[in-house]
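The values are calculated or read from the model by the stated rules, or taken from the named source; none is laboratory data. These numbers come from a predicted model, not from an experiment. Glycine also receives a Cβ, built like all others from the backbone with ideal geometry; neighbour counts cover every protein chain displayed. We work out accessible area using only protein heavy atoms, side chains counted, and drop any ligands, DNA or RNA first. Shrake-Rupley method; radii C 1.70, N 1.55, O 1.52, S 1.80 Å.
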Protein chains: 2
Amino acid sequence: MEKINIGNNAHVYPMPVSLVGSLIEGRPNFMAVAWLSRVNYMPPIIAVALNQRHHTPKGIQENQAFSVNFPGADLMEKVDYCGLVSGRETDKSGIFQIFYGDLKTAPMIQECPLCLECKLLQVVPLPTNNLFLGEIMGAYTEEIYLTDGKPDIQKMNPFVLTMPDNNYWRIGEWAAKAWSVGRKLKEKK
Amino acid sequence: MEKINIGNNAHVYPMPVSLVGSLIEGRPNFMAVAWLSRVNYMPPIIAVALNQRHHTPKGIQENQAFSVNFPGADLMEKVDYCGLVSGRETDKSGIFQIFYGDLKTAPMIQECPLCLECKLLQVVPLPTNNLFLGEIMGAYTEEIYLTDGKPDIQKMNPFVLTMPDNNYWRIGEWAAKAWSVGRKLKEKK
């Protein structure tokens, strides 16, 4: 089949859905963010890309801290709501039960199966967005989401986003072991 | 339920699976990468985090260009193979059919439903990894992967990765419209 060029505004397939938490003038705020990635192995660093017009960057700069919370599909409506309204006009602090870790200034969400507490390391300024790099200081979960001590995606039940069609999708079936299923091909070569 | 801290080496749930393409000393090379994200709206910029010991950074620096290819689940074995062997010792150029876009130095994969051609803008040095920021110059796909002119994840059939359990997962069912399903909650408040 022939390849066609559909232009430059293309996305990652699919994007993880998270809620980035920050404390802004003493009020916990949560923003829906799908532009994020782990970026460093040791120390563990995560990057979140936020539009410069958002309210959340203010709180991250203020406290040099933020959280990244991975919601289950049961929280889809609330997550989407956090993407529809700005903390500038709306108090989103009452939507979730909030807890804090060692940093004390990175609000995390009790209802989320996995919450990362991050200390701001660096801000990379970009044309319309800023990239916030945070060192992961701790990861909070519950026994019910673990298998062999590791978070189990089937128990966490997160969801993903596609753009520009703007749809949420569930995680499907287990497919294969990574760093393993390609071994046969390696032996063949 | 009580939250427990499982330590700082935590990951994003789930991670998109891509193959990053580069031309190293004239030879096309592909590396399996799950640490990536869109990071800027306009111009469209994508970030990929690569361990400094990898072979791919050499090619990206050499040509100031790279590609990000999203494979379908049918390519799982080949993708995993690309994550198991280094281009330093192994010629991976024959695994896929290769094509080029306008940049001429960012090899892309014919078998992948979506390929992004990127011009290197900036490298952010991190302790063990480097973060390569590339402007997306074009996105190559085929008519069979589109619905209403947009890439359709159900036609692309990509897969995702979880770490540290190291598993690949398929994409599941459609769940809801983004920037929409939370509107009822917005009206209620």
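May I ask you to say which residue of B:Leu133, B:Leu121, B:Leu146 is open to solvent by 40 Å² or more (accessible area, probe 1.4 Å), out of contact with any Lys or Arg (no Cβ under 7 Å at 6 or more places or on another chain), at negative phi and more than 7 Å from chain A (Cβ to nearest Cβ)?
Answer to the selection: B:Leu121.
Could you list, in sequence order, the residues of segment B:28-50 that are open to solvent by 10 Å² or more (accessible area, probe 1.4 Å) and aromatic (Phe, Trp, Tyr)?
Hits for segment B:28-50 are B:Trp35, B:Tyr41.
What's the number of the only condition in (1) under 19 Å from B:Phe132 (Cα atoms); (2) open to solvent by less than 10 Å² (accessible area, probe 1.4 Å) that B:Arg53 fails to meet?
Only one criterion is unmet by B:Arg53, namely (2).
Just need a number here: residues in segment B:150-177 that are at the interface with chain A (Cβ under 7 Å from one of its Cβ atoms), open to solvent by 40 Å² or more (accessible area, probe 1.4 Å), under 21 Å from A:Ala10 (Cα atoms) and not charged (D, E, K, R).
1
Condition test on B:Tyr81, is it open to solvent by 50 Å² or more (accessible area, probe 1.4 Å) and either at pLDDT 95 or above or touching a strand residue (DSSP E or B) at 6+ places or on another chain (Cβ under 8 Å) (or both)?
Considered against the rule, which asks whether it is open to solvent by 50 Å² or more (accessible area, probe 1.4 Å) and either at pLDDT 95 or above or touching a strand residue (DSSP E or B) at 6+ places or on another chain (Cβ under 8 Å) (or both), B:Tyr81 comes out as no.
I'd like the full set of residues that are of a type outside the set (Gly, Ala, Ser), more than 17 Å from A:Leu75 (Cα to Cα) and assigned to a strand (DSSP E or B), limited to segment A:130-157.
Within segment A:130-157, A:Asn130, A:Leu131, A:Phe132, A:Leu133, A:Glu135, A:Ile136, A:Met137, A:Tyr140, A:Leu146, A:Thr147, A:Lys150, A:Pro151 meet the criteria.
Given the structure, is A:Leu126 open to solvent by 10 Å² or more (accessible area, probe 1.4 Å) and more than 9 Å from chain B (Cβ to nearest Cβ)?
No: the conditions fail for A:Leu126.
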